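Here it is, the structure, as structure tokens.
The values are calculated or read from the model by the stated rules, or taken from the named source; none is laboratory data. Note that the coordinates shown come from a computational prediction; the quantities given were computed from them, not determined experimentally. All Cβ positions, even for glycine, are placed from backbone atoms using ideal geometry, and neighbour counts span all protein chains on display.
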Amino acid sequence: MQQLLWINGKHKNTQTLKALKSPYNQEVIAEIAQASSNEVEEAIESANEAAKKMREMPAYQRAEILESVVEQLKAQRQNCAEIIAKEAAKPIKAALAEVERTIMTYRFAAQEARNIQGETIPMDAAPGGEGRVAYTVREPLGVIAAITPFNFPMNLVAHKVGPAIAAGNAVVLKPASQTPLSAYKIAEMFQEAGLPAGALNVVTGSGSIIGDVFTSDERIAMITFTGSPAVGKSIKENAGLKRVTLELGSNSAVVVDEHTNIERIVPRIVAGAYNFQGQVCISVQRVFVHQNVFASFVKAFVAETKKLHLGNPLDDRTDVSALISEDDTVRASAWIDEAIRNGAELAYGGREEEGVLQPTILLNTRLDDKVSCEEAFAPVVHINEFASFDTALDWVNQSKYGLQAGVFTNDLQRAFQAAKKLHVGGVMINDFPTFRVDHMPYGGVKESGTGREGIKYAVEEMTEMKLVSFRLA
């Protein structure tokens, strides 16, 4: 199978193709077209022309296009999930859950397309403003360049393409090199839904080649990127006056206070740690547990982790499969070994089993070990005990990242204390940091990024405000 570029509503061949292999068994899935800079510029020009049509398209038509994509996803949910499972090694039940979320994301985008509003401004609130009526409107930016990661290859595309189309923009999409098929599938659905040719273009290939064109081309009004902090910093430094939204890394933490119902919360925290092999920006990576419940928490956590089934992502029983690349397995294993050498106790896992890194639990890890202070993006969790709730909050903040954090406590004062003190984009009280629904504001502070996703909030990022003022006779 060859997968060609998607430019101006048509497939386009390239001089170079690259084999796409399954992370689980290394079988070749497809041959993927690799765009040159000229082809990226062609996609941008296509989007630039289509943006004129999108700007004039009525809101209800944009909404209907998005609603059509929703219906197509519902009809093809199993096929879409299998695409995700094959190219990302995401367990099929997790892939099906992603498709369901993708459906909801486009549904929210359709609703938001009909609900983009401005406001009236009381001009006479200031001297000299008498005799005037004013209001604001939100208008599309034009061409949005979207760069998406491998871990949610359909839903994170939806979080960029959905609000962009809802707001009346055109898009040039660069999906992750390991998961391009999901993005091309969505492009087909938008064509079937009646989206104008050129309003959504998909280009695959070298991140540096495509990224350099995105940052330098003046026809691009905004870049929305989800990926590594290093690449995000480079984009921001080189994007000039373009608007930039960045969703970057994290090493999300959970604080478990005393008097918490351990048996009730442990299954949820385990799910938050090991879903899709821990390759989620808000995966549970650091767990801080009060010393009075530490032993019982660890016992329950290990027991729950042992229930996870490792294997083929297409097997309905599988909970944990292969990491996205062998290099990531080698890196995560080295970080585990480093923590053990530095005094951490290996409570469970730590080995590779038929190409799958076992879910790993480390106890009382140093906070400057890589498994704590860097983003693991692997099925690796450390559990440390604390005596003071204040200390635990300080440990959470002792990170260059700040995406989301979870706090389990029955003490209302401590809950409000955590909500105020934690320097993160989202504080989840009595829940894990992996919680996300697709219409809530989502984004981080520090090296976790800038700007917010969540359809309504992404629409605000992807539009600009215009003031209209009438001087009355």
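Return the residues of segment 329-375 that are polar (S, T, N, Q) and in contact with a Gly (Cβ under 7 Å, 6 or more places away or on another chain); say none if nothing qualifies.
Hits for segment 329-375 are Q358, T360.
Can you give me the number of residues within segment 182-193 that are in contact with an Asp or Glu (Cβ under 9 Å, 6 or more places away or on another chain) and surrounded by fewer than 24 Cβ atoms within 10 Å (Cβ to Cβ)?
Counting residues in segment 182-193 that are in contact with an Asp or Glu (Cβ under 9 Å, 6 or more places away or on another chain) and surrounded by fewer than 24 Cβ atoms within 10 Å (Cβ to Cβ) gives 1.
One line per residue, one yes/no per condition, for (1) in contact with a Cys (Cβ under 7 Å, 6 or more places away or on another chain); (2) buried (at least 21 other Cβ atoms within 10 Å of the Cβ); (3) part of a helix (DSSP H, G or I):
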residue	(1), (2), (3)
P163	no, yes, yes
V172	no, yes, no
A176	no, yes, no
L195	no, yes, no
G198	no, yes, no
D212	no, no, yes
I223	no, yes, no
A230	no, no, yes
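When you check D327 against the structure, is it surrounded by fewer than 18 Cβ atoms within 10 Å (Cβ to Cβ) and either modelled with pLDDT of 95 or more or among the hydrophobic types (A, V, I, L, M, F, W, C) (or both), yes or no?
So D327 fits the description; yes.
Is segment 297-318 home to any residue that is aliphatic (A, V, I, L, M) and over 28 Å from F408 (Cα atoms)?
yes
Something else now. Looking for whichever is in the same structural domain as A164 (by TED's automatic domain parsing), within 22 Å of V280 (Cα to Cα) and more than 25 Å from the chain's Cα centre (by Cα) here; the options are N8, N25, N48, N13. Which one fits?
On inspection, the qualifying residue turns out to be N25.
Confirm whether E87 is closer than 30 Å to P313 by Cα, part of a helix (DSSP H, G or I), acidic (D, E) and in contact with a helix residue (DSSP H, G or I) (Cβ under 7 Å, 6 or more places away or on another chain).
yes
Among the candidates S46, S37, single out the residue that is among the hydroxyl-bearing types (S, T, Y) and closer than 22 Å to L181 by Cβ.
Result of the check over S46, S37: S46.
Here's something else I'd like to know. Could you check segment 242-297 and list, in sequence order, the residues that are aliphatic (A, V, I, L, M), in a helix (DSSP H, G or I) and more than 22 Å from E98 (Cβ to Cβ)?
I262, I265, V266, A295
Kindly indicate which of A339, A322 is buried (at least 23 other Cβ atoms within 10 Å of the Cβ), in contact with an Asp or Glu (Cβ under 8 Å, 6 or more places away or on another chain) and not in a strand (DSSP E or B).
A339
Something else about it: Of these, K370, K400, which one is touching a Cys at 6+ places or on another chain (Cβ under 9 Å), under 26 Å from V445 (Cβ atoms) and assigned by TED's automatic domain parsing to the domain that holds V302?
So the residue among K370, K400 that is touching a Cys at 6+ places or on another chain (Cβ under 9 Å), under 26 Å from V445 (Cβ atoms) and assigned by TED's automatic domain parsing to the domain that holds V302 is K400.
Assigned to a helix (DSSP H, G or I) and touching a Leu at 6+ places or on another chain (Cβ under 9 Å), is that true of A145?
Taking the combined requirement at face value, the residue does not satisfy it.
Which condition breaks for I186 when tested against (1) in contact (Cβ under 8 Å) with a residue 12 or more places away in the chain; (2) under 30 Å from K466 (Cα atoms); (3) not in a strand (DSSP E or B)?
For I186, the exception is condition (2).
Sticking with this structure for a sec: How many residues does segment 39-84 contain that are touching a Ser or Thr at 6+ places or on another chain (Cβ under 7 Å) and either among the aliphatic types (A, V, I, L, M) or not in a helix (DSSP H, G or I) (or both)?
Adding up the residues that qualify gives 3.
Here is a check on your reading of the model: is G425 closer than 15 Å to E247 by Cβ, outside the structural domain of F108 (by TED's automatic domain parsing) and of a type in the set (G, A, S)?
So G425 passes the test.
Tally up the residues in segment 337-359 that are among the hydrophobic types (A, V, I, L, M, F, W, C) and under 16 Å from L310 (Cβ atoms), please.
Total meeting the criteria: 2.
Sort out which residues of segment 284-296 are in contact with an Asp or Glu (Cβ under 9 Å, 6 or more places away or on another chain) and in contact (Cβ under 8 Å) with a residue 40 or more places away in the chain, and write them in order of number.
Answer for segment 284-296, where residues must be in contact with an Asp or Glu (Cβ under 9 Å, 6 or more places away or on another chain) and in contact (Cβ under 8 Å) with a residue 40 or more places away in the chain: Q285, F288, V289, H290, Q291, F294.
Name the residues in segment 224-251 that are of a type in the set (S, T, Y) and within 14 Å of the chain's Cα centre (by Cα), would you?
Across segment 224-251, the qualifying residues are T224, T226, S228, T245, S250.
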